[in-house]
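Asker: This is the structure I want to talk about, given as structure tokens.
The values are calculated or read from the model by the stated rules, or taken from the named source; none is laboratory data. If you're wondering where the values come from, they're calculated on a predicted model, not measured in any experiment. Please note: Cβ atoms are built from the backbone with ideal geometry, for glycine as well, and neighbour counts cover all protein chains shown. Areas reflect the complete protein model, heavy atoms only, side chains present, ligands, DNA and RNA absent. Shrake-Rupley method; radii C 1.70, N 1.55, O 1.52, S 1.80 Å.
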Amino acid sequence: MTMMPSYKHLDQMLPWNDKVQVLECVAVLPETQDCKTFSFQSTEPSWFRYTPGQFVTLELPVGPVPALRTYTLSSSPSRPLSIAVTVKAQRDSVATRWMLDNLKVGDRLKAFGPSGTFSFHNHPAEKYLFISAGSGITPMMSMTRWLYDYARHTDISFINCARRPSEIIFRAELERMATRDPNIKLAWIVEESDPYEVWPGFRGRINALMLELAVPDYRSREIFCCGPEPFMRNVREMLAAAGCDMARYHEESFHPSTEAEAAPIIVDGFGADAAETAAEIVFTRSGITAECTSADTVLQIARTAGLNIPSGCQFGVCGTCKTRKLSGEVQMSHNGGILDEEVEEGFILACCSRPVGRIEVEI
Ligand code: FES
């Protein structure tokens, strides 16, 4: 007989924090071809605190060295006892393919996070436009679920692009929400219809005319976009050409964009072009002191010293390498993977922090 877990109220449990968490897979749901949703609960009695649109980094045992992969949460924090990621394998993917083929209910994974600033919570507005393609729909789904559960008055126009109707992830659930909430309006754009199926919606690639027809007031909305980089570039250029206020346009990417590389967010002082000088990193827990230069990152020096700092993107987005700095100064050029409050509390991202003189880190 299956034992039911004893029920606890949220205030009897600790919220999820940014320490390593072990997650247990509690459900695997097929969505479309090569796309599944994996739901997880914590192995500790805890609930999940995050903002819709954030992501987690999972440690996947794909080979002798585990792979760290970052996935946006598709679940909503309005249902806080579990989290879900919805993953779609791309042609050459190894880690995501491993998940789709091997991960099953009862399996346990390490997770890091949550992280990320791609959320309407950071851009309050009365009207939103979500534009997504492929698995880029996941942060939009998290935000739509949250708004549906918690803020019904919010006006959402949601455009999703897919190759075929059968590849639209979450189509049934979104249509069910839209039939119950008149503030949610949907538009699907597909490149081609499914064989032997009639498709009455838009067909082709998203363009200005489709946008005008689907969401006539798009210029007055806060816009969130997620999908492959060429897709987001097209959307960005289309909106800019249409005269949108691009300060109200936000996009999510797990790849370093040209703009991000050209203009990283520099915090914790000192110009990016400061001359290279001698530096020293003290890893306090390990009792190791390493000499280096101000051009080296904390992550590089930790690896050279044989220390393991978990890392994912390695360009300051995912937050996996977040580490506490105990003393000294660093030059940190990140791309949104750490919050201002965390910097104030003494955290740095090891992958994009360079020591200025002597620093101590809690590794
Ligand atoms: S590894 Fe992703 S922020 Fe450092």
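Asker: Under 14 Å between C-alpha atoms is the cut-off here; go through the chain and count lysine pairs that meet it, provided they're at least eight residues apart or on different chains.
Answerer: Qualifying lysine pairs in the chain: 5.
Asker: Also: Just flag the trypsin sites (Lys or Arg not before Pro) in segment 70-102 sitting in loop per DSSP whose Cβ has no more than 13 other Cβ atoms within 10 Å. Mind dumping the intermediate values first?
Answerer: Numbers: sites: Lys88, Arg91, Arg97; in loops: Arg91.
Sparse-neighbourhood loop trypsin sites (Lys or Arg not before Pro): Arg91.
Asker: With labels modelled as points extended 7 Å from the Cα through the Cβ direction, what inter-label distance (nm, one decimal) is found for Arg285 paired with Arg79?
Answerer: 3.4
Asker: Relative to the Cα centre, what is the charge dipole magnitude of the chain, using +1 at the beta carbon of each Lys and Arg, -1 at the beta carbon of each Asp and Glu, and rounding to the nearest 20 debye?
Answerer: Details: 35 positive and 45 negative charges, 202 e Å.
Dipole magnitude for the chain comes out near 960 debye.
Asker: May I ask for the distance between the Cα centers of segment 220-242 and segment 330-352, given as a whole number of Å?
Answerer: Computed from Cα coordinates, the inter-centre distance equals 28 Å.
Asker: Which stretch or stretches of segment 274-308 have amide N atoms under 17 Å from the point lying 7 Å from Ser327's Cα along the Cα→Cβ direction?
Answerer: Inside the label zone: 279-291.
Asker: Expressed as a rounded percentage, what relative contact order does segment 120-254 have, with Cα pairs under 8 Å and six or more residues apart?
Answerer: The value is 28 percent.
Asker: Report in % the part of the accessible area of the chain that belongs to carbon and sulfur, leaving out ligands and nucleic acids; probe 1.4 Å.
Answerer: That fraction is 52 percent.
Asker: If I ignore ligands, DNA and RNA and count only protein heavy atoms, how much of Trp98 is accessible to a 1.4 Å probe, in Å² to the nearest 10?
Answerer: Roll a 1.4 Å probe over it and Trp98 shows about 50 Å².
Asker: Please calculate how many Å² of accessible area the chain carries per residue, with a 1.4 Å probe and no DNA, RNA or ligand atoms counted.
Answerer: Using a 1.4 Å probe on heavy atoms only, each residue of the chain averages 49 Å².
Asker: Extending each Cα 7 Å along its Cβ direction at Asp155 and Asp107, get the distance between those two points in nm, one decimal.
Answerer: 4.5
Asker: Compute the angle between helix 137-150 and the longest alpha-carbon principal axis of the chain, please, reported from 0 to 90 degrees and rounded to the nearest 10.
Answerer: Approximately 80 degrees, to the nearest ten.
Asker: If you don't mind, another one. Using helices alone, I'd like the mean residue ellipticity at 222 nm for the chain: each DSSP H run of four-plus residues gives -39500 (n - 2.57), total over residue count, nearest 500.
Answerer: Working: 8 runs with 69 residues, N = 363.
So the helix-based figure for the chain works out to -5500 deg cm²/dmol.
Asker: For the pair Thr293/Leu339, report the inter-label distance in nm, with labels modelled 7 Å from Cα in the Cβ direction.
Answerer: 3.7
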